[in-house]
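Reading through the structure tokens given below for one structure.
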Amino acid sequence: MDFTNYTKIYPDIAGRFGQYGGAFLPPELVDGFKEIEQAYMTIAHSASFINELRRIRREFQGRPTPVYHCERLSNRLGRCQIYLKREDLNHTGAHKLNHCMGEGLLAKYMGKKRLIAETGAGQHGVALATAAAFFGLECEIHMGEVDIIKQAPNVTRMKILGAKVVPVSHGLKTLKEAVDSAFESYMKNYKDSIYCIGSVVGPHPFPMMVRDFQMVVGIEAREQYMEMTGELPDQICACVGGGSNAMGLFTAFLKDPVKIVGVEPMGRGPNVGDNAASITFGKKGILHGFESLLLQDDKGNPLPVYSIASGLDYPSVGPEHAFLHDIERVDYTSVTDKEAIEAFFMLSRYEGIIPALESSHALAYAIKAARANTANSILVNLSGRGDKDIDYVEKYYGTGEDYKI
Ligand SMILES: *Cc1c(COP(=O)(O)O)cnc(C)c1O
């Protein structure tokens, strides 16, 4: 396949990436999503929108984020040189702000006064609350009561940033119910509100829009890497939850002779409920308004999922990843909790960078490839910093004394 005009061809006008994607919406939501799509197609390609987003990235987010060569870690492992795209250095500590600022700016241009979203672990909620505060918009975050207790610091952050956190008390009181609740609120308020999805998932146009807002990661990284080394990396990799940080990095390299690897969470192992490896084990199905690979039972209900990284435990995956898997442009693999924890400690001890547990999955793949000597150079998307994870890691895994300097 020729990838020269790839982002102009995919998705098609119906929001399809091959057999995946689309928009499966209740009739009450169709108008709202159409309005977002039309606004995005016109406003987002205007010079004033693009210039304003550039200014925000530079002055508020701290972009461009650097590419960093992990010399000590690489030398310890063998010959392969590992590089990081430092998305952990984004304001708020992860790549999520890249699309939240885009969504906030779109809302502003559309004349909306409120951002509505759900959040599971609270990372998307915090990034969106940050964007809302920046743009002077109201922010309403729906969150299951179970998650509110588990993720208390993020709830506090959202409130300090001025967001209204709506507790969801039905069903299992976690992410799925929070999505239902946020959809319901959006249905009632779509005239003055906009729904903001937190990854390359959901109904069209979100998988496309969030990818486009994240593409800055790969465009910067490709240029920075070439500038540093004079060539392209052998491989690039990123962790895949919904898949936004991965699409951000991958898109800029699709036409290059570079091996691209998406890393899924294998959690405690391959049994149902022990992982969230949706591409590895999923089958085609529909969840949350889009068609993709889905971990599902015989009746099409989503199966329970688990990962040590709460940003990765989603039973489906962005439709574009399912498509890139189908056409074999991207390789999808997985790493376990244990491998991710090892990578977490290694980067902390040998490079002075504490990575998010999500990002540790991508790094764990690079470490495995370096040990196996199957690449000369790998560029890893370090999607976020690990401050949020230190209490959990210390409680269950200690502080990494086994990793001697
Ligand atoms: C949310 C999150 C992820 C997973 O989301 P994607 O859409 O798959 O990128 C990965 N890393 C970090 C740090 C996150 O906060």
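Numbers below:
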| quantity | calculated |
| --- | --- |
| Test: residue in the stretch 268-281 that is part of a strand (DSSP E or B) and not assigned by TED's automatic domain parsing to the domain that holds LYS173 | no |
| Matching residues in the stretch 37-86 - criterion: being among the small types (Gly, Ala, Ser) and touching a strand residue (DSSP E or B) at 6+ places or on another chain (Cβ under 7 Å) | SER74 |
| Selected residue [crowded, with 19+ Cβ neighbours inside 10 Å, under 30 Å from HIS204 (Cβ atoms) and either away from the ligand (no atom under 11 Å from the Cβ) or assigned by TED's automatic domain parsing to the domain that holds LEU84 (or both)] from PRO355, PRO315 | PRO315 |
| Tabulated pairs, the stretch 173-197, first at positive phi, second in a helix (DSSP H, G or I), C-beta under 7 angstrom, 6+ apart or interchain | LYS173/GLU145; LYS173/VAL146 |
| Lone qualifier among GLY78, GLY32, GLY102 - being within 16 Å of the ligand (Cβ to nearest atom) and either of a type in the set (Gly, Ala, Ser) or touching a Cys at 6+ places or on another chain (Cβ under 9 Å) (or both) | GLY102 |
| Single condition GLN235 does not satisfy, out of (1) more than 30 Å from LYS368 (Cβ to Cβ); (2) out of contact with any Cys (no Cβ under 8 Å at 6 or more places or on another chain) | (1) |
| Qualifying residue in the stretch 157-180 (condition: under 21 Å from ASP391 (Cα atoms) and assigned to a helix (DSSP H, G or I)) | yes |
| Residues of the stretch 215-273 satisfying the condition of being among the aromatic types (Phe, Trp, Tyr) and within 19 Å of GLU320 (Cα to Cα) | PHE250, PHE253 |
| Residue match in the stretch 36-49 (condition: of a type in the set (Val, Ile, Thr), touching a residue at least 60 places away in the same chain (Cβ under 8 Å), within 16 Å of the ligand (Cβ to nearest atom) and closer than 30 Å to ILE160 by Cβ) | no |
| Conditions (1) in contact (Cβ under 8 Å) with a residue 40 or more places away in the chain; (2) at positive phi; number of the one not met by GLY122 | (1) |
| Test for TYR83: is it modelled with pLDDT of 95 or more, in a strand (DSSP E or B) and buried (at least 20 other Cβ atoms within 10 Å of the Cβ) | yes |
| Of all residues in the stretch 131-153 being within 20 Å of the chain's Cα centre (by Cα) and aliphatic (A, V, I, L, M), the one that is farthest from the ligand (Cβ to nearest atom) | ALA132 |
| Test for ASN275: is it touching a strand residue (DSSP E or B) at 6+ places or on another chain (Cβ under 7 Å), more than 14 Å from the ligand (Cβ to nearest atom) and among the polar types (S, T, N, Q) | yes |
| Residue count for the stretch 203-223, restricted to those that are within 25 Å of GLY136 (Cβ to Cβ) and within 15 Å of the ligand (Cβ to nearest atom) | 7 |
| Extreme residue, nearest to the chain's Cα centre (by Cα), among residues of the stretch 234-250 that are surrounded by 24 or more Cβ atoms within 10 Å (Cβ to Cβ) and not small (Gly, Ala, Ser) | ASN245 |
| Hey, LEU128 within 20 Å of the chain's Cα centre (by Cα), away from the ligand (no atom under 16 Å from the Cβ) and assigned to a helix (DSSP H, G or I) or not | no |
| Qualifying residue in the stretch 163-182 (condition: within 16 Å of the chain's Cα centre (by Cα) and within 21 Å of ALA129 (Cβ to Cβ)) | yes |
| Residues of the stretch 236-255 satisfying the condition of being in contact with a helix residue (DSSP H, G or I) (Cβ under 8 Å, 6 or more places away or on another chain) and not in a helix (DSSP H, G or I) | ILE236, CYS237, ALA238, CYS239, VAL240, GLY241, GLY243, LEU254, LYS255 |
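Every residue, every condition in (1) touching a strand residue (DSSP E or B) at 6+ places or on another chain (Cβ under 7 Å); (2) among the basic types (Lys, Arg), yes or no:
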| position | (1), (2) |
| --- | --- |
| LYS188 | no, yes |
| TYR195 | yes, no |
| GLY198 | yes, no |
| VAL201 | yes, no |
| PHE206 | no, no |
| MET228 | yes, no |
| PRO233 | yes, no |
| VAL240 | yes, no |
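The values are calculated or read from the model by the stated rules, or taken from the named source; none is laboratory data. This structure is a prediction, so every number in the text was calculated from the model and none was measured. Cβ atoms come from the backbone with ideal geometry, glycine included; neighbour counts cover every protein chain shown.
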